[in-house]
Every structure is written in C-alpha cells, then in structure tokens.
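So the structure is just underneath, and the comments pick up after that.
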Amino acid sequence: MSAAEEVAGALAPFVGARAVDPYISQCAVEAVEMVVHYVGAEKEAIPASVFRRACVEVGADLYHRRSARNGIAGFEDTDISAAPVRINRDPLVPARPILAPYMKVAIA
C-alpha cells in the first residue's frame, strides 16, 4: 500500500467523508507530496506514524478548502448555527509542530 493510499484511508473518517470519494484520494496524494517536499532528506528520521499523522492533518486542510468560501468554513458546533472557522492559507501549518521534533535546525 502506498503512502497516499494509507493517508486516504485515515483521512476519510478524520474528515467525515466516504472513503470512495475521489477528492479524498486527491487530497491524500497532494498532502503526501507536500509533506515529503517539506521534510526533504529528514523523511528517514521521521517515524511512519508521525509522518502519516502530519499527512492526514495536511490532507484535512486541503479537503476542507473545497467547502470554504473566501477561506471561511462553517463547522457545526451547536444546535443553533455553524461556527465560522478560517481555513489556513498554508496547508502545512498543522503539520509543522508535529514534524518539528524530527527536523534539523536550519542555519542561514
């Protein structure tokens, strides 16, 4: 099973979508590519479960962009109305703190 297929399998229940939704697969592929590009050579130092979690978080951000008009999404939190939540412009935002302990410090 590829990393994208594994992430897609974890992403669907995470966002409350059907596993057969092609958009889930697309978000999973893009999330894996983004995280791999971000971590670069450090990928080997990151445990598989941590890498998968980072990819699922990025995939969730990508998935919710579809329903976020002008960057604002409504999530049901009460019986009365949806709570507006701004979607990150950078989908890697939730992955950075997850991956930080495994990344080397960049010196410029």
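The values are calculated or read from the model by the stated rules, or taken from the named source; none is laboratory data. Since we're looking at a predicted model, the values are computed, not measured. Reconstructed Cβ throughout: ideal geometry from the backbone, glycine too, with neighbour counts over all protein chains shown. These area figures cover heavy atoms from the full protein model, side chains too; ligands, DNA and RNA do not enter into them. Shrake-Rupley method; radii C 1.70, N 1.55, O 1.52, S 1.80 Å.
Across the range 58-65, in residue order, what do the Karplus-derived ³J(HN,Hα) couplings come to in whole Hz, using 6.51 cos²θ - 1.76 cosθ + 1.60 with θ = phi - 60° and x for Gly and Pro?
The phi angles translate into 5, x, 5, 4, 5, 4, 6, 5 Hz.
For the pair K104 and E5, what calculated FRET efficiency results from E = 1/(1 + (r/R0)^6), where r is the Cβ-Cβ distance and R0 = 22 Å, to the nearest 0.05?
0.15
Not counting ligands, DNA or RNA, and with a 1.4 Å probe, what is F14's accessible surface area in Å² rounded to the nearest 10?
Number for this one is 90 Å².
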